[in-house]
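Encoded as C-alpha cells, the structure appears first; notes follow it.
What follows draws every value from the coordinates through simple rules; no lab data is involved. What you see is a predicted model, and the numbers here were worked out from it, not measured in a lab. Glycine also receives a Cβ, built like all others from the backbone with ideal geometry; neighbour counts cover every protein chain displayed.
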Amino acid sequence: MSSTLSTAAAITGIGEVGYSRSAPEQSELALELGAALLAISDAGLQPRDIDGLIPFGPAGACAEDIITNLGLGDLKFSAHTPLGGASAVAAIQCAALAIHAGLCRHVLVSLGRNGMERKIGARLNAFPQFKAVREFEQPSGMSAPAQLYAPMARRHMELFGTTSADFAEIALSTRLHAMRNPMALMTAPMIVEDHQASRVIADPLRLFDCSIESNGGAAFIVSTAQTAPDLAQHPVLVAGVAEGHPDEPLAISQRADLTTLGTARAAERAFAMAGIGPEDIDLAEIYDCFTYIVLCQIEDLGFCEKGEGGAFVQSGVLRPGGALPVNTHGGLLSQAHMAGYNHVTELVRQLRHAAGPAQVPGAQTGLVTGFGDMGDGAVAILRRG
Amino acid sequence: MTTEPRIAAPEPTRDSQPYWGALARHELMFQRCADCGTWRHYPRPVCTHCFSLRSEWQRASGRGTLHSWTTIHHAYDSALRGETPYLIGIADMEESVRLACRLVPPDGMSPSIGLPLRVGFTDQAGGFTLPVLHPAGG
C-alpha cells in the first residue's frame, strides 16, 4: 500500500519542560503551554503561525484553552486522538493528514501532565474506552494498568518461556540510556539483582517493570514538508505513520490473542508507507509503560518473531551502542512519564543529531510507537531530511 | 457470603443489566444473538458475527479453563489493600467468551493454563454480586 502521505509532513519543533517527581509549581495547562512555546520557538515560528491543534485531551487542555492563551488568530483545524499512550503518535498521523489535505500548515501537538497529584486511576477514568473495565473488572480488583497487563505478560511467559530476567534487561538497558540524558529523572545505576529484588506489583510485573509517575509538559510541531527547510532546525520527515486497533479493544481479557497489540497492525501499514522494513531502522523509541509492553511491541514490529522477544533483548541490542538502541532518552521507565510525547521529541532530537551524550551516531531513520489502553497502537517512522 | 462495603458498585447499563441481575440470583448468564446464536461478553447491542440487534440472555454452564492470571500484590483501590495478595483469573468459558474475576484456588495449588474451572458467586455489601472462579472439583 503506497500513500502520498509519506514525507508530506515533517516534525519541525520540539519542546519539553518541568520534568520532575515533586509536586508541580505549575498547573497542567501551564506545563502544556510552556512546552508548546518552547516547541514553537525551537521551530523558528511565532504562536500566530500555528493554525492546527491536537491537544492530548481528554480532561486536559482543549483547543480553546490554547487559542485563548497563545492568541491564535485563525485556527483552521483541531482534533483529539484519544488513544491513551498512543495519542502522540496517532496525532502525527492526524496532523499529517490535515496538512496533506491543505487544511493547515503547522499543527501543535501538546501534553501537560501532573502525574504526582493526579493519579493513574483518575486519568484512566477520563478515557471512554475504559468503560468496560470500569463496569466488569474493576469491582473484582483489576483496574490499574499493571493489573490489567500482567495477564498478558503471564500468558507470554507460559507460551514462550519468557522470563522476568528478560523484562529486567529492558529496565536495565533503558536505565543505561537514561544515564546519558540530562533530562532523565531516574539515573542511578541498576543491576539485574535490583530489578529482581524490587517488590511485585501484579505478578509477573515488579516495581522496576513499571514506568514512573512524574510531572511535566511536552510538545511538538508537525508542519508541511515544503516549509520545513526554511525553518530553524534540520528537517525530520514523517516517512510512514499508522494507527492500529486490536479486536476487542475495550478489554484485554476478551482478546483472542493476549500476546499481540494493535501495534502489529499499525507496524505493517507504517512500514509499507515508508517503503522500508525493520532492518532499516537505526533506533527506536518504543512506548514503555511496562517492560513487557516493550518486549511485545518489539515482536509486533517485526524486529524478531513472536515469542522470541526474550532472547532478542537478552542479546543486548537495546543498550547504548547496540544494533537497535531503544528508548535513548530513558523512556517512561527512567526519563519521565510524558505519555510517549517524550518518545517523539527524543526521536526528532536524535535525527537532528542533537542528542548530546545519548546520540546514536549517524542515525538516519528511526521508529516511534505509542501504546494505549486497552491495546491501541500507533507507529511512526521518521527520517532525517 | 457477604463482605463489608469496600468497592463501589458497578453501574449497569440497559445492555448489561440482565448480566448483573442474574449474578444477584447466583446465576451466570451470557448474552446470545437471537438470530445466529453466537454468544458474546461483555454485553453490547450488536452481534459481531451477523450484526443482529436482537439478543437474549441464556444461562451459561459455569465451566471453563484458565487462559491467564495474575497475583495482585499492590491493590490500586485502597479499600482492597487488606486483601492482597489476591489472584485474578481470565477464563475461557465453554460458551467461547471470557470471564475475568477473582480466582480462588485451594492452598498450595499453582495456576496453570488450561486448569479446569467452575464459577461461583460472592455477594457484596454494596448490593451486588461478583463471579469468582474456583478450580473444578476444588
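With contributions of -39500 (n - 2.57) from each DSSP H run of at least four residues, the per-residue ellipticity at 222 nm computed over chain B stands at -1500 deg cm²/dmol. Helix screen, chain A: no DSSP H segment has Cα axial length of 24 Å or more and mean Kyte-Doolittle hydropathy at least 1.6. Seen from a random direction on average, the alpha-carbon convex hull of chain A projects onto 16.7 square nanometres. Can you find, among B:Tyr42, B:Leu133, B:Pro10, the residue sitting farthest towards the positive end of the charge dipole of chain B, where Lys and Arg contribute +1 and Asp and Glu -1 at Cβ? Going by the Cα projections, it comes out as B:Tyr42. To the nearest 0.05, what FRET efficiency results for B:Ser52 and A:Ser20 with a Förster distance of 41 Å applied to their C-beta separation? Efficiency computed from Cβ-Cβ geometry: 0.15. Calculated [222 nm] ellipticity per residue, helices only, for chain A: -10000 deg cm²/dmol; basis is -39500 (n - 2.57) per DSSP H run with n ≥ 4, divided by all residues, nearest 500.
Panel note: the C-alpha atoms of segment B:17-135, placed on their principal axes, show extents of 45, 33, 23 Å (largest first). When chain A is treated as a GNM with alpha-carbon contacts under 10 Å, the residue of A:Leu231, A:Leu111, A:Leu176 showing the greatest mean-square fluctuation is A:Leu231.
Let's see if you can work this out: charge +1 on each Lys and Arg Cβ, -1 on each Asp and Glu Cβ, no other charges. What is the dipole magnitude of chain B about its Cα centre, in debye to the nearest 20? Here chain B has a charge dipole of around 200 debye. In the protein assembly as shown, taking the dipole from charged Cβ atoms about the Cα centre, the farthest positive-side position among A:Ala323, A:Leu75, A:Ile170 is held by A:Leu75. Placing +1 on the Cβ of every Lys and Arg and -1 on the Cβ of every Asp and Glu, with no other charges, gives chain A a dipole of roughly 360 debye about its Cα centre.
When the Gaussian network model of chain A links Cα atoms closer than 10 Å, the mean-square fluctuations of A:Ile201, A:Ile286, A:Ile54 top out at A:Ile201. About its Cα centre, the dipole of segment A:103-156 is roughly 160 debye, where the only charges are +1 on Lys and Arg Cβ and -1 on Asp and Glu Cβ. Normalising the average separation of contacting C-alpha pairs (under 8 angstrom, six or more residues apart) by the number of residues puts the relative contact order of chain A at 26 percent.
Over segment A:74-153, Cα pairs under 8 Å with separation of 6+ residues give a relative contact order of 20 percent. Using a 4.7 Å Cβ-Cβ cutoff, the cysteines of chain B lacking any partner cysteine are B:Cys101.
Looking only at B:Thr65, B:Thr122, B:Thr84, which one moves most when chain B is put into a Gaussian network model with springs between Cα atoms under 10 Å? Highest fluctuation among the options: B:Thr84.
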